[in-house]
């Protein structure tokens, strides 16, 4: 699959997708550069500057421990992006392989594989994440593992449907008549033509994973200090919300804009894909 060409085709000439990509690019740069070059550390505590308001020295103010919120927010944004991207890529790879195998095999193999996926999906994915974080301890690895237990199933269903449709097309029949092996037909001919739906679903998987992690962190099941994600920063600011609302508002805005940017790119790509199919 040529993901680069498919990405360019889906977002080309779409202002909504372009705006989302620009925002995400800025967010990624800030998440990388701020923790490295900002004069204040995300974990350094200073009792002399506790609960300071927004200023030029502390752009988002400081929290109840005297930590700079600006550096913590962008460090947390990096952790949230890492969890969302890593889990989406793993789920995408597993889902594509599983769905492609089930869709191309067909009949009994397809039935057995998809019923197994239905059994896994019958348990809410949030429960998998909670159980794994409770057993293995809170951490980015545990959250990613929990998100990957059942997160690939929607991707597998989409890929399975696309492969079942594409294997009945004329070009697939011609490839079989030429004696091309089944695996080569699947990976070189069918999956590249399913790259559009795969890419769109992959984009939507990232904000879903980020939101799930933020929700768990808000419930107190996220990362352990000194590590911090946007969810943990929002959770820590909950007790200060009425007195120092900026401590919750700043990370919340960063999280919401990030989620909206991902969804804007995904929605624009989905619309472009549907228009392409309608021609």
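A compact table of results
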quantity: So residue 77, is it modelled with pLDDT of 90 or more, within 22 Å of residue 200 (Cα to Cα) and touching a helix residue (DSSP H, G or I) at 6+ places or on another chain (Cβ under 9 Å); calculated: no
quantity: Checking residue 160 against (1) over 20 Å from the mean Cα position of the chain (by Cα); (2) modelled with pLDDT under 85, the condition it does not meet; calculated: (2)
quantity: Matching residues, region 24-62, being in a helix (DSSP H, G or I) and over 28 Å from residue 207 (Cβ atoms); calculated: 47, 48, 49
quantity: Region 209-233: number of residues that are surrounded by 22 or more Cβ atoms within 10 Å (Cβ to Cβ) and either within 13 Å of residue 96 (Cβ to Cβ) or free of Cβ contacts under 8 Å to residues at least 60 places away in the same chain (or both); calculated: 1
quantity: Members of region 141-184 found to be more than 30 Å from residue 130 (Cβ to Cβ), without any contact (Cβ under 8 Å) to a residue 24 or more places away in the chain and assigned to a helix (DSSP H, G or I), listed by number; calculated: 165, 170, 171, 172, 173, 174, 175, 176, 177, 183, 184
quantity: Considering residues of region 236-259 that are within 22 Å of the chain's Cα centre (by Cα) and touching a residue at least 24 places away in the same chain (Cβ under 8 Å) only, the residue farthest from residue 53 (Cα to Cα); calculated: 259
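The values are calculated or read from the model by the stated rules, or taken from the named source; none is laboratory data. Just so you know, these numbers come straight off a predicted model, no measurement behind them. Cβ: placed from backbone, ideal geometry, glycine included. Neighbour counts: every protein chain shown.
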